[in-house]
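The values are calculated or read from the model by the stated rules, or taken from the named source; none is laboratory data. Just so it is clear, the model here is predicted, and its values are computed rather than measured. Cβ sites come from the backbone with ideal geometry, for glycine too, and all protein chains shown count toward neighbours. Ligands, DNA and RNA are excluded from the accessible area calculation, which covers all protein heavy atoms including side chains. Shrake-Rupley method; radii C 1.70, N 1.55, O 1.52, S 1.80 Å.
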Amino acid sequence: MNRALRLHAYCSPDALKIDDIAMPSAASGQVVVHVRAAGINSLDWKIRDGFLRNDFPLPLPVTLGVELAGEVIEVGQDVPGFTIGDRVMGPMAGLGAYADFIAITSNTLVKTPASLTDERAAAIPVGALTAWQALFEAGELKRDQTVLIHGAAGGVGSFAVQFARRARARVITTAQGINAGYLRGLGADEVIDYRTSSFWKLTRDVDLVLDLVGGAALANSWQVLADAGRIVSTAAPDIAAQTPPGNRGTWFQMRPDAALLAEIVEMVEQGAVRVEVSEVAGLSDATAAIERNKTGHGPGKAVIVF
Ligand SMILES: NC(=O)c1ccc[n+]([C@@H]2O[C@H](COP(=O)([O-])OP(=O)(O)OC[C@H]3O[C@@H](n4cnc5c(N)ncnc54)[C@H](OP(=O)(O)O)[C@@H]3O)[C@@H](O)[C@H]2O)c1
């Protein structure tokens, strides 16, 4: 039996169902992974609620889920470095992680160290890769610069705060006040409660805004930028259309990078980077857990276990 959490229709409360689907087999360059845990992302409810249906039309039903940890049970041709029984983790190149068994291109995966549980491993790939690439590749953040991270207590932000701190940047964050202690523990210099304060009145000369929220957070961020400052957004695909003349605003999309993921996992193993799992849900509770991700949740990342 291969259970999969599949979307059958857009914008419907009953849109997600657990189906029994065919067992996959490994094509060339792929492995079949017995999934033990998969990270929940806001992409799940954004797809479910139809926000992306015009830009990224999907053939329904479709299995959701963009990152996983599990065990290799079959190895295709031309797969160097992996054997049956390896524990692995990584992002999907597309969708499909919410299933007991999946076929996945091996070059997006890394081996999971023995010290890392599958739950924690599944909470790393998308959040950590997005945070690193958005800060240092798209955002070109440098030592002694000031970064403002919106949505800092979430799955991406929790890593972004730690990476920016390690790069010796000054780290200002926005989050619910209840998460202030958590974020200071990760290395934030300042935490601004977005529910009670107007960050644009409290901060200025920001070299990089990492926008993980969009909407009003993005709209109010142009005024806090330093002269050569910029905004990198993972939440507003239309940021180019919103960018005032003379400003720099960039949409950023994560790309799988096994070498970078391996470096980040090493940092986690050494205790230099923390992984916060806010919730562990079973597959039967996955629909509710995805809804909780939409409506507000604890700090860090929720995962589904299989
Ligand atoms: N482009 C890409 O490749 C890519 C990759 C990953 C993620 N993303 C996107 O990046 C965004 C962040 O992802 P994520 O996984 O970190 O999401 P997440 O775990 O849901 O975190 C979002 C955080 O933002 C907080 N928040 C909500 N409204 C806020 C506001 N007005 N000001 C400040 N913080 C606010 C939330 O706190 P409460 O819930 O407690 O209010 C939550 O902690 C999402 O839009 C996601 O779709 C894009």
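Structure notes:
- Matching entry among Gln162, Gln133 (being within 12 Å of the ligand (Cβ to nearest atom), closer than 27 Å to Lys46 by Cα, assigned by TED's automatic domain parsing to the domain that holds Gly215 and not charged (D, E, K, R)): Gln133
- Some residue of segment 100-116 being closer than 24 Å to Gly187 by Cβ and among the aliphatic types (A, V, I, L, M): yes
- Lone unmet requirement of (1) in contact (Cβ under 8 Å) with a residue 60 or more places away in the chain; (2) farther than 21 Å from Gly139 by Cβ for Gln162: (2)
- Unique match (being assigned by TED's automatic domain parsing to the domain that holds Ala114, within 16 Å of the ligand (Cβ to nearest atom) and touching a His at 6+ places or on another chain (Cβ under 9 Å)) among Glu279, Glu291: Glu279
- Given (1) within 23 Å of Thr287 (Cα to Cα); (2) touching a His at 6+ places or on another chain (Cβ under 6 Å), number of the condition Ile73 does not satisfy: (1)
- If you go through segment 204-226 and pick out every residue that is open to solvent by less than 10 Å² (accessible area, probe 1.4 Å) and either within 15 Å of the ligand (Cβ to nearest atom) or modelled with pLDDT under 95 (or both), you end up with 8.
- For segment 166-174, the criterion of being within 10 Å of the ligand (Cβ to nearest atom) and either in contact (Cβ under 8 Å) with a residue 40 or more places away in the chain or among the β-branched types (Val, Ile, Thr) (or both) is satisfied by at least one residue.
- Glu269 meets the conditions (1) within 26 Å of Leu183 (Cα to Cα); (2) surrounded by 15 or more Cβ atoms within 10 Å (Cβ to Cβ) in every case but one. The failed one is (2).
- Matching option when the condition is within 11 Å of the ligand (Cβ to nearest atom), modelled with pLDDT of 95 or more and buried (at least 24 other Cβ atoms within 10 Å of the Cβ), among Gly155, Gly177: Gly155
- Restricting segment 227-245 to residues that are open to solvent by less than 20 Å² (accessible area, probe 1.4 Å) and more than 12 Å from the ligand (Cβ to nearest atom), the residue that is nearest to Gly155 (Cα to Cα): Ile231
- Val66 meets the conditions (1) within 16 Å of the ligand (Cβ to nearest atom); (2) more than 17 Å from the chain's Cα centre (by Cα) in every case but one. The failed one is (2).
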